[in-house]
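Single-structure report; data block below.
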Amino acid sequence: IIGGFDVGPGGDPQVIPYFNGAGTTWMSKLYTPLVMMSSDFSELTPEGSLSESWESNEDLTSWTFNLRPDVKWHDGEPFTAEDVKFTFKLVNDPESVTINTGIYGGPISIVEGLQEYRDGTADDVSGIVVVDDNTVQFNLTAPNPRFPDLLRWTFILPEHALQDMPVAEMREWDWWFTNPVGTGPFKFSAYERDQYMELVGNPDYWDGAPKLDKLINRYFADETAAVLALQAGDIDFTYVSADVAKSMEGDAGFT
């Protein structure tokens, strides 16, 4: 499938997790969050996510996530709870200057240790406890019944690949576009700036190899260019604004 998966306000193939407020449609093919929404957006679900289940204590100040066993990163290394803790520490490091919101960067203000770490007054993330390789616990400063919802676009990153990278240069890491490693159903194949990014099916994906061999996200500077490419048959898919969608109604060539 060739498409403008993230056009205009939706981002582009050059999006980086934690530095863009968009682009999750594309990034979720390469990286995986702890929690996802169901396909109709009616509820949180472990389907497709790195968690098999989660539960809280009675007063909703501690949440335990049971991670999928035997998940591997695209380079063959095992995914563990240490990667979860590493990701939260990385994106909340003051030097990383990421976009820290409930969805994209993690809830820094309600997890013990994260705010202190961000302020530079703590050496570790005391509020995230690695119970074992497949279990991670978040300890909150206040009860929060909606905590899992805050994690649904928190893409987990590989500690083994990034632990020695300079945090202050995170936005400029070549890694994002030369050899990014995720746990998603597709893995990195090729990238040309301002042109496209290509992903290929991950044969070792925990839920089975995807049905598609390849995904290509074409870069478009604006919506008009993407619509013209769609109408010409150069791409199979793109986002369009409501007025453009209305103008294409009744054309059997588009769904």
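Side notes on the structure shown:
- Across 173, 153, 26, mean-square fluctuation computed from a Gaussian network of the chain (C-alpha pairs under 10 Å connected) peaks at 173.
- Computed E for residue 254/residue 123 - FRET, C-beta separation, R0 45 angstrom, nearest 0.05: 0.25
- J(HN,Hα) series, the stretch 33-39, from Karplus relation 6.51 cos²θ - 1.76 cosθ + 1.60, nearest Hz, glycine and proline x: x, 6, 9, 10, 8, 5, 4
- Net length gained if the chain between residue 132 and residue 214 were fully extended (0.36 nm per residue, minus Cα distance): 26.0 nm
- Couplings 3J(HN,Hα) for the stretch 47-57, derived from phi with the Karplus relation 6.51 cos²θ - 1.76 cosθ + 1.60 (θ = phi - 60°), are 4, x, 9, 7, 9, 7, 6, 8, 7, 10, 6 Hz, where x marks Gly and Pro.
- Each Cα pair under 8 Å and six or more residues apart adds its sequence gap; the mean of these over the residue count of the stretch 52-208 is a relative contact order of 26 percent.
- Pair-distance distribution P(r) for the stretch 148-255, from all Cα-Cα distances in 10 Å bins starting at 0: 11, 30, 33, 21, 5, 0 percent.
- Within the chain, the longest segment free of exposed loop sites, counting trypsin sites (Lys or Arg not before Pro) that fall outside DSSP classes H, G, I, E and B and have at most 12 other Cβ atoms within 10 Å, spans 1-145.
- Ranking 215, 252, 2 by Cα position along the charge dipole of the chain, where only Lys, Arg, Asp and Glu carry charges on their C-beta atoms, puts 252 farthest toward the positive end.
- In this structure the amide hydrogen of residue 73, modeled in the peptide plane, comes within under 5 Å of the amide hydrogens of 79, none closer than 5 places in sequence on its chain.
- Residues of the stretch 174-219: accessible area per residue with a 1.4 Å probe, Å²: 52
- Extension gain for residue 43-residue 25 works out to 4.7 nm (0.36 nm per residue, less the C-alpha to C-alpha distance).
- Between residue 174 and residue 247, the modelled label-to-label distance comes to 4.2 nm, taking each label 7 Å out from Cα in the direction of the beta carbon.
- Here the sum of -39500 (n - 2.57) over DSSP H runs of 4 or more residues, divided by the residues of the chain, equals -4500 deg cm²/dmol at 222 nm, to the nearest 500.
- Amide proton proximity set for residue 131, modelled H, under 5 Å, gap of 5+: 136, 137
- Among 91-97, 228-234, the order from most to least packed when residues are scored by Cβ within 10 Å on average: 91-97, 228-234
- Exceeding the 19 Å Cα-Cα cut-off - candidates 187/211; 85/187; 29/85; 29/246; 89/187; 214/246: 85/187; 29/85; 29/246; 89/187; 214/246
- Identified option (computed Rg and Dmax of the Cα atoms in Å; candidates (1) 26.3, 83; (2) 19.0, 61; (3) 24.7, 75): (2)
- Here the Karplus relation 6.51 cos²θ - 1.76 cosθ + 1.60, evaluated at θ = phi - 60°, turns the backbone of the stretch 62-70 into coupling constants of 9, 10, 10, 10, 8, 7, 5, x, 6 Hz, with x for every Gly and Pro.
- The dipole here belongs to the chain: it is taken about the Cα centre, uses +1 on the Cβ of Lys and Arg and -1 on the Cβ of Asp and Glu, and is about 400 debye.
- At an R0 of 30 angstrom, the distance between the Cβ atoms of residue 70 and residue 95 translates into a FRET efficiency of 0.35.
The values are calculated or read from the model by the stated rules, or taken from the named source; none is laboratory data. Remember, it's a predicted structure, so these values are computed and weren't measured experimentally. Here Cβ is always computed from backbone atoms with ideal geometry, including for glycine, and neighbour counts include all displayed protein chains. Just the protein is used for accessible areas: all its heavy atoms, side chains included, with ligands, DNA and RNA removed. Shrake-Rupley method; radii C 1.70, N 1.55, O 1.52, S 1.80 Å.
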